[in-house]
Amino acid sequence: MLYFCTQLTDFTMLTLTYIRENREEVVRRLQIKNFKGVELVDNIVALDAMRRKLQKEMDDNLAESNRLSKEIGVLFKEGRKEDADILKEKTVTLKDSSRQIQEKLELTEKEQNEMLVLLPNLPHTSVKPGFAAEDNEVVHTSGETDIVGENALPHWDLAKKYDLIDFELGNKIAGAGFPVYKGKGAKLQRALINFFLDEAAKQGYLEIEPPILINEASGFGTGQLPDKEGQMYFVEKDGMYLIPTAEVPLTNIYRDVIVKEEELPIKLTAYTPCFRREAGSYGKDVRGLNRLHQFDKVEIVQIAHPDKSYGILEHMKDYVAGLIEKLGLPYRILKLCGGDMSFTSALTYDMEVYSAAQKRWLEVSSVSNFENFQANRAKIRFKDKEGKSILAHTLNGSALALPRIVAAILENNQDEDGINIPKVLVPYTGFERI
């Protein structure tokens, strides 16, 4: 399948220029992400050289054709028709040559772009090598993990005991990974959504209610396509995808848009259901709410000035950590190694809460800086004071994803007679205990 990148643009050229001029650096940093396609970089560089050679031939032909046209005009004025006809034959030959060069140029550009979209974002220089989650760096830990007794129930048993979530009913209606929330379980979901949205509004995020279906161009713009095509639900008849996260529609609001520098940073938030096929997931990690095909999430997105994006990343990380603290949950922050980072990210922090009954850490948020990787694909730009168009930086974070937050709230706040609701949620739930 071809994606929304059939022509080279000035903004793709920035990437090509960087790859061409910094080949060894590009390869070294991609290897930190365990990217094995070094030959892909070399192929892109070779195709870029071919493209520039063909473009020069086109330009030379055009210049020669223009020169001959002027000379032909002069010869006709002088009555030298025979000499003019000879030159006209040369222009016909030049046009035929240009047509052939144009065809080669288009094929070269097409092949080059198909390779370019397979290159992941370069990791930030501070990202360390590593292969998987166990190689991530724990940068902060907060809260007590030994907070319930040995007989504590996991959230799926609590959900059944207090009639909060019906996993079997969800399986009947849709399939595994589509739970049905009931009564106080549904109210707890709604309470968390409203709490997260209200907290985001206090931080200056504009609330958006976006579509939960996206087109191919939107998926390409934020890097889900072609990288995550197999993990998204696809509506084949309409050529649309169910969103894996609100990051996609929120960021694409500014696709092909040039904003004013003084408008930055642009801060957006949204609650949406999210849909992920989670193909290949199995075992204890998928029990209960641990891994779902449909789940609720509040997302925060910022479009920022390149000079300020890493300061904003730290602020977003601290903001998400603050939400977890307000819920009274033990948590830790990890800085991801290269091998555990996404295709699009330059630097990512993960937030994990502790599941007291399962006695394991559960990821509830990723906060990432994509630098200009998404902006390059989606053409999100701003004009500086000199009027020059510059690619913005994009960032996003889960603030927060609900399933594992709910799991931790149920498990960590249980006693023999019920479950205590975090104080910050009581105004939203209308009850203090389940």
Do we find that ALA84 is among the small types (Gly, Ala, Ser), open to solvent by 40 Å² or more (accessible area, probe 1.4 Å) and in a helix (DSSP H, G or I) in this structure? no
Would you point out which residue out of LEU362, LEU329 is in a loop (DSSP other than H, G, I, E, B) and open to solvent by less than 20 Å² (accessible area, probe 1.4 Å)? LEU329
Whether any residue in the range 202-213 is of a type outside the set (Ser, Thr, Tyr), open to solvent by less than 20 Å² (accessible area, probe 1.4 Å) and either in contact with a Lys or Arg (Cβ under 8 Å, 6 or more places away or on another chain) or assigned to a strand (DSSP E or B) (or both) is what I want to check. no
Across the range 12-46, the tally of residues that are assigned to a helix (DSSP H, G or I), surrounded by 13 or more Cβ atoms within 10 Å (Cβ to Cβ) and basic (Lys, Arg) stands at 3
Determine, yes or no, whether ALA217 is within 30 Å of VAL426 (Cβ to Cβ) and either out of contact with any Leu (no Cβ under 9 Å at 6 or more places or on another chain) or not in a strand (DSSP E or B) (or both). no
Among (1) surrounded by 15 or more Cβ atoms within 10 Å (Cβ to Cβ); (2) farther than 30 Å from ARG28 by Cβ; (3) not small (Gly, Ala, Ser), there is one condition GLU168 misses while meeting the rest; what is its number? (1)
Residue count, the range 139-155, condition within 13 Å of LEU329 (Cα to Cα) and either part of a loop (DSSP other than H, G, I, E, B) or of a type in the set (A, V, I, L, M, F, W, C) (or both), comes to 6
Yes or no: the range 222-231 includes at least one residue that is closer than 21 Å to GLN294 by Cβ, part of a loop (DSSP other than H, G, I, E, B), among the β-branched types (Val, Ile, Thr) and in contact (Cβ under 8 Å) with a residue 40 or more places away in the chain. yes
Of the residues that make up the range 393-400, is at least one hydrophobic (A, V, I, L, M, F, W, C), more than 26 Å from GLN302 (Cα to Cα) and either surrounded by fewer than 23 Cβ atoms within 10 Å (Cβ to Cβ) or at pLDDT 95 or above (or both)? no
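The values are calculated or read from the model by the stated rules, or taken from the named source; none is laboratory data. All values reported here derive from a predicted model rather than from experimental measurement. We place every Cβ from the backbone using ideal geometry, glycine too, and count neighbours over all the protein chains shown. When the accessible area is computed, the model is the full protein with side chains, heavy atoms only, and any ligands, DNA or RNA have been set aside. Shrake-Rupley method; radii C 1.70, N 1.55, O 1.52, S 1.80 Å.
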